[in-house]
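The values are calculated or read from the model by the stated rules, or taken from the named source; none is laboratory data. Keep in mind that this is a model prediction, so the values were computed, not measured. In this analysis, Cβ positions are derived from the backbone assuming ideal geometry, glycine residues included, and neighbour counts consider all displayed protein chains. Just so you know, the surface numbers come from the protein's heavy atoms only, side chains and all, with ligands and any DNA or RNA stripped out. Shrake-Rupley method; radii C 1.70, N 1.55, O 1.52, S 1.80 Å.
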Amino acid sequence: MAAGLIGGAALGAGFGELLRVIVEASKTAAMFRDNLEELASMLSPIEPVIKEIQSFNKAFDKEYETEQLVEIVKRGKKLVTKCCKIRRWDIIKKPYYSHKLLGLKKSLERFCQIVMQTHQARDIKEVLFETKEISVGIRKLSLKEGSSNGNGICNQVAVMGPCRVPEPRGKVLGFDEPLKELKVKLLKDGLSVIIVSAPGGSGKTTLVKQLCQDEEVKGKYEDNIFYVSVSKTPNMELILQKLLQAKDYAVPEFQNEEDGLNYLEQKFRQLAIIPILLILDDVWPGYEFLVHNLKFELPDYKILVTSRFAFPRFDDCTYCLNPLNDDNAMTLFRHNAFLQNGKPCIPEDIVNKVMKSCKGLPLALEVVGRSLCGQPVAMWLKQAKQHSKGLSILHSNTDLLAYLQSTLDTLDDEAGIKDCYLDLGSFPEDHQTPATALIDMWVEQYKLDEDCDAFIKLHELSIRNLVNLVVMRKDDASEADSFYNDHFVMQHDLLRELAIYQSSFDPIEKRRRIIVELSRNNFPNWWSEEKQQPLGAHLLSISTDETFSYNWGYIQAPEVEVLVLNFRAKNYVLPVFMEKMDKLKVLIAMNDSIYPAEVSNFQLLYSLSNLKRFRLEKVSVPSFSTSSFQLKNLRKISLVMCNISRAFEKGTNNMSDNFPNLLEIDIDYCDDLMELGEGLCDVVQLMKLSITNCHKLRALPEGIGKLVNLEVLRLTSCTDLMSLPETIGSLSQLTILDISDCLSIKNLPTRISELHNLAKLCMRGCSSCNLPSTITKLQHLKDVICDEETAYQWEFLKSYLTNLKVTVHEQDINLNWLQIFV
């Protein structure tokens, strides 16, 4: 409480001081007098609003919201002080600072309007979320908070927690009656748990997502709706982390599960002034205990569960979602099968026959309808004849999979699209697969020329609705440069099962891809056979959980070119048989635990002489400069959410000798990276270096100038990076430089003028960055992508840089994306 009162006092004093400075400045800063007088006249009525903010702090004991607004006030005072120092002969600076003053006015004005509308009833935190985007200071705060959640990928620009209910994808049709029935069940008293049960593909998740869009439901639960995707092998530690981070609570390291549950209950109790709704999506048999463990004795607290299975112990509170009736099924089917503005030319009886074969299952109606959209009558007739032979959709999941595989018939085998689709089964259920991992696989496995060729295949799968391609932050400029770190792939469970099903027809030794899930010491029969035949698979995917013993046994897989290791562990042991994989080109090791794993036998990588790409996620990486670490054919290294403080240290060997063909290094969300080791600067043949979302990175090594072949340098969202070294001027081949959201960079180096081949400069979110006068020598610079504030500086340089195009970037953030982070 004391902290809140101090914050309120600081805010009140700060506003008074800001008003005084503005009034004084309006008398002396003639160039900005109109702006300042308008701002001064607006601040007077704000004072009673500030008292409201202080009363909010007293009533709700919030200790940090006021501090954020204080930061805006401080920055306002600093801005006005700068305006006073601008002399009349600096007229070139007037547009920029006038715009900054206008931004300050809008931020304060908007804040007051929102607070007035709350009538002292809503949490002030919501108000501050509305002002984040108009304050550089608040943006910096949000970016830095994103790096502290321990999971890496998610919160570089996030304004909502990881348990936000995602909106349904596309138009929701046919669920009017189920929505009414489930809403009544949810809002009536007496039920603390509700189970929505139906076979896979029935639309359970869509139904629940749409229910949360209902105004009456939102009015009751407000911001106290939490959504968690549970899936087949849930981890209570991760679930607790998600729920706590949803309200920005710190996540301590718990002694045990009970300790974590007690902590969560305590936090929920603080929120319970408003009813709480917890949604557990896709709970599997054997994990009903999750529901029991998360049941707390709180007023009007409810748990809504979806599952493709029935739970007998919850019979009394189960809502069975039935298949759609014919009318609703036809509406949904037509919506997907026919162009909205076109007239269907398919005979009605054929349409009806195909629709009825889907038996009212929403997923089947959508997938089959979309596969037939735009197809000739002959294709419709073929589908109708197949279904008239008695193929049942709802008989079992296997029947549904057998039916759905007909949707793959249109995939072009020659183009390799079908193989790419089947590879998607290599990653765990409910996993948000990085597009870059798939690109690494496909470029090497299918001998593609460029990363963009692999992305085209991914896009093809997306437009066929076989995957959902999610873009975390839309950036056309990055896509144009074949940079896809913000692209992720999600897939419905049944479509993943279809991929696995399609890959399992042949005998195990003849399969092109083998996908294995291991738990404890449970191996498939073929794994433990005494006289085991060598496997012919080109792709091997092995998923293990925390119960696996790492007694790998031995298998022969000499043809494997891509090895995918999905695991969840603090300590991990690489499979010993991988050292015999002489044809291995791509290694992907992805840890689904909270913290980076220690790998006890990392040296096994040294034996992979043909390895061209490896990607590690949440792994502690040793030094790359040891004499034993030599991969002569390695071309790309990707490190995501790893501990890499030792990776690029100077060692007994030169990194260039260890990796003589290494062309690309991608480092993303590595929170322990504070200084980049000089060892990396020895890789003189390097062409692409991306260091993104490493919020603690303070400096680049002076030796970076030795990377004379570097063409692309990305430093996006390294918020603590203070400057670029002057030696950057030695990067004579550099064509793309991206320092977007490097909020601490105040000045570009003078020697940037020596980058004679620089064609593109991205500096979104760098409004405080000053341009050196030497910038006018960049005669090959064609594209600058920046914020509106920085654009003013560049516009004045167009007379020197005649080919320059300045693009003002508008942030396009997909908030639905936030629900996938862990």
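Computed from the C-beta positions of Ala310 and Val377, the FRET efficiency with R₀ = 56 Å rounds to 0.85.
Inter-part distance, segment 241-286 to segment 710-768, computed on C-alpha centroids, equals 42 Å. Normalising the average separation of contacting C-alpha pairs (under 8 angstrom, six or more residues apart) by the number of residues puts the relative contact order of segment 662-821 at 15 percent.
Note that segment 411-505 carries a Kirkwood radius of 13.5 Å, evaluated over its alpha carbons pair by pair. Along the Cα→Cβ direction, 7 angstrom out, place labels at Ser799 and Asp657. What is the inter-label distance in nm? Distance between the two pseudo-spin positions: 5.6 nm. Full extension of the chain segment joining Asp449 with Glu509 gains 18.6 nm, where the gain is 0.36 nm per residue of separation less the Cα-Cα distance. A Förster radius of 25 Å combined with the Cβ-Cβ distance from Ala415 to Gln556 puts the calculated FRET efficiency at roughly 0.20.
Spin-label model, Gln630/Leu298: points 7 Å from Cα along the beta carbon direction are separated by 6.0 nm. One equal scatterer on each Cα of segment 662-821, no solvent, Debye formula: the resulting log10 I(q)/I(0) at q = 0.09, 0.13, 0.18, 0.21 Å⁻¹ is -0.28, -0.60, -1.13, -1.48. Here segment 175-320 has 47 percent of its accessible surface on carbon and sulfur atoms, given a 1.4 Å probe and all protein chains in place. If you sort Glu726, Glu497 by accessible surface, 1.4 Å probe, largest first, the order is Glu726, Glu497. Note on Phe602 and Lys583: their simple-model spin labels are 3.0 nm apart, each label 7 Å out from Cα toward Cβ. The residues packed around Asn566, meaning those with a beta-carbon under 11 Å from its beta-carbon, carry a net charge of -4 if Lys and Arg are +1 and Asp and Glu are -1.
Here the ratio of the Cα radius of gyration of segment 608-711 to 2.2 N^0.38 Å is 0.97.
The stretch between Val516 and Ser609, if pulled fully straight at 0.36 nm per residue, gains 31.0 nm over its current Cα-Cα span.
So with the 1.4 Å probe, I'd like the accessible area per residue for segment 170-227, rounded to whole Å². Each residue of segment 170-227 exposes 43 Å² on average to a 1.4 Å probe.
Counting every alpha-carbon pair across segment 620-671, the share separated by more than 16 Å comes to 40%. Keeping all protein chains in position, work out how much accessible area Arg512 exposes to a 1.4 Å probe, and write it in Å² to the nearest 10. Result for Arg512: roughly 90 Å² accessible. Applying D = kT/(6 pi eta Rh) to segment 175-320, where Rh is the Kirkwood radius over alpha-carbon pairs, T corresponds to 37 °C and eta to 0.692 mPa s, the Stokes-Einstein value obtained is 209 µm²/s. The gain in end-to-end length when the Glu253 to Glu348 segment is fully stretched comes to 28.0 nm, 0.36 nm per residue minus the alpha carbon separation.
Ordered from largest to smallest accessible area (heavy atoms of protein chains, 1.4 Å probe), the residues Glu177, Glu17 come out as Glu177, Glu17.
Our summary gives segment 175-320 a relative contact order of 39 percent, counting only alpha carbon pairs under 8 angstrom and 6 or more residues apart. Across Asp783, Asp223, Asp327, the residue with the most accessible area heads the list, and the full order at a 1.4 Å probe is Asp327, Asp223, Asp783. As a length-normalised measure over Cα pairs under 8 Å and 6 or more apart, the relative contact order of segment 535-574 settles at 57 percent. Sorted on the mean count of surrounding Cβ atoms within 10 Å across their residues, most packed first, peptides 306-313, 765-772, 236-243 read 236-243, 765-772, 306-313. Of the heavy-atom accessible surface of segment 411-505 (probe 1.4 angstrom), what whole percent is carbon and sulfur? Roughly 47 percent, rounded to a whole number.
Computed 3J(HN,Hα) for segment 189-206, one whole-Hz value per residue from the Karplus formula 6.51 cos²θ - 1.76 cosθ + 1.60 where θ = phi - 60°, is 6, x, 9, 9, 10, 10, 9, 9, 10, 5, x, x, x, 7, x, 4, 5, 4, glycine and proline marked x. For the pair segment 572-595 / segment 166-234, the C-alpha centres are spaced 39 Å from each other. When a 1.4 Å probe is rolled over the protein heavy atoms, the share of accessible surface on segment 621-677 that falls to carbon and sulfur comes to 43 percent.
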